[in-house]
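**Q** The structure follows.
The values are calculated or read from the model by the stated rules, or taken from the named source; none is laboratory data. What you see is a predicted model; the values in this text were computed from it and never measured. No Cβ is skipped: glycine too gets one built from the backbone with ideal geometry, and neighbour counts run over all protein chains shown. Only protein heavy atoms, including side chains, enter the accessible area calculation; ligands, DNA and RNA are left aside. Shrake-Rupley method; radii C 1.70, N 1.55, O 1.52, S 1.80 Å.
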Amino acid sequence: MMAAALDVAEQAMTAGELPIAAVVALGDEIVGFAHTQDQRLGRRIVHADLLAMIAADERLGWTRRSAPLALAVTLEPCVMCLGAAMVLGVSDVYYGLDSPADGGSPVAASSQTHPTMPWFTAPRMTSGVLRDRVQDQFRRYLGSAAEESGFTRWAQSVLSLNKDAGPGATTGGHRGGFALRTSPRRRRDRRLPHADLRCLSSPAATIWTAAEPSLEVQEHDPVVVSDVPRAHMPRLPR
């Protein structure tokens, strides 16, 4: 899964974004993927893992799952994205680099399931997956940056914090669930018709799900993952 996320991160760098990307897999099939869109959309909460989970939720809705749901992301999910993973029902999260400032792993490790919501459980968190390759992407991003910015300074700090990181570890709970931007025709078929999340999201271009440049969503195109041809979804390596 992380190899597929790295492929999407390459697309992010080509688009001038940070090399942060995520894929969501149902068993061995990828059902959502995205990269961060801070630069393109000029927004604060367009995190790669959040967008990938929104895309997966657009596709899966409330249908019964045929396999466990997993998330792979190049950078440790923040607390916001961890909450989304719990609502979506993600069983496992795999990530490359640690993000000590806002990472959700400590929250997942201390999370307790409430008896009134037994399905709302923190996923297992596995760190350090393909860490060297993710670090290489961050270095190449920094080397290609035209000028210093808040994004480059942050990327450098992430690299520094992960320089002496040890082997990966697994923490957290067992399983977890999500949705954000809604389409009126599918409003009842989603896990997250949450009003607070919809208010935080612009109705225009909240999701980018196409890996092929020819399928890139324009700024005012409302898109759901079902609009992207299945042939263009990334494939998990066999």
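**Q** On the protein heavy atoms, probe 1.4 angstrom, tell me the percent of accessible surface of segment 1-62 carried by carbon and sulfur. Could you put the intermediate results ahead of the total?
**A** Details: 850 of 1790 Å².
Using a 1.4 Å probe with all protein chains present, segment 1-62 comes out at 47 percent carbon and sulfur.
**Q** Return one whole number: the accessible area per residue of segment 1-153 in Å², for a 1.4 Å probe.
**A** Details: 6160 Å² over 153 residues.
Result: 40 Å² of accessible area for each residue.
**Q** OK, next. Once you charge only the Cβ atoms, +1 for Lys and Arg and -1 for Asp and Glu, what is the size of the charge dipole of segment 1-51 about its Cα centre, to the nearest 20 debye?
**A** On the way: 3 positive and 7 negative charges, 66 e Å.
That gives segment 1-51 a dipole magnitude of about 320 debye.
**Q** Can you give me the distance in nm between label points at Ala101 and Ala145, each placed 7 Å from the Cα along the Cα-to-Cβ direction?
**A** So the label points at Ala101 and Ala145 sit 1.1 nm apart.
**Q** Please give the length that would be gained between Trp154 and Arg133 if that part of the chain were fully extended, namely 0.36 nm times their separation in residues minus their C-alpha to C-alpha distance (nm, one decimal).
**A** My answer for the length gained is 5.7 nm.
**Q** Does segment 1-48 come out rounded, prolate or oblate by the C-alpha gyration tensor, with a ≥ b ≥ c the root eigenvalues, rounded set by a/c under 1.5 and, if not, prolate when a/b is larger than b/c and oblate if not?
**A** Values: a/c = 3.31, a/b = 1.74, b/c = 1.90.
It comes out oblate by the Cα gyration axes.
**Q** Over what distance in Å are the Cα centres of segment 103-132 and segment 2-37 separated?
**A** Here the two parts' Cα centres lie 21 Å apart.
**Q** Report the charge-dipole magnitude of segment 1-114 in Debye, nearest 20, computed about the Cα centre from +1 at each Lys and Arg Cβ and -1 at each Asp and Glu Cβ. Before the final figure, lay out the partial values.
**A** Values: 6 positive and 13 negative charges, 71 e Å.
The calculation lands at about 340 debye.
**Q** Search the structure for amide H atoms under 5 Å from the amide H of Tyr94, placed 1.01 Å from N in the peptide plane, and list their residues when 5 or more places away or on another chain.
**A** The answer is Leu71, Ala72, Val73, Thr126.
**Q** Another question about this same structure. Work out the charge dipole of segment 1-142 with +1 on the Cβ of Lys and Arg and -1 on the Cβ of Asp and Glu about the Cα centre, then indicate which of Leu18, Thr126, Ala108 is farthest towards its positive end.
**A** Result: Ala108, furthest along the dipole toward the positive end.
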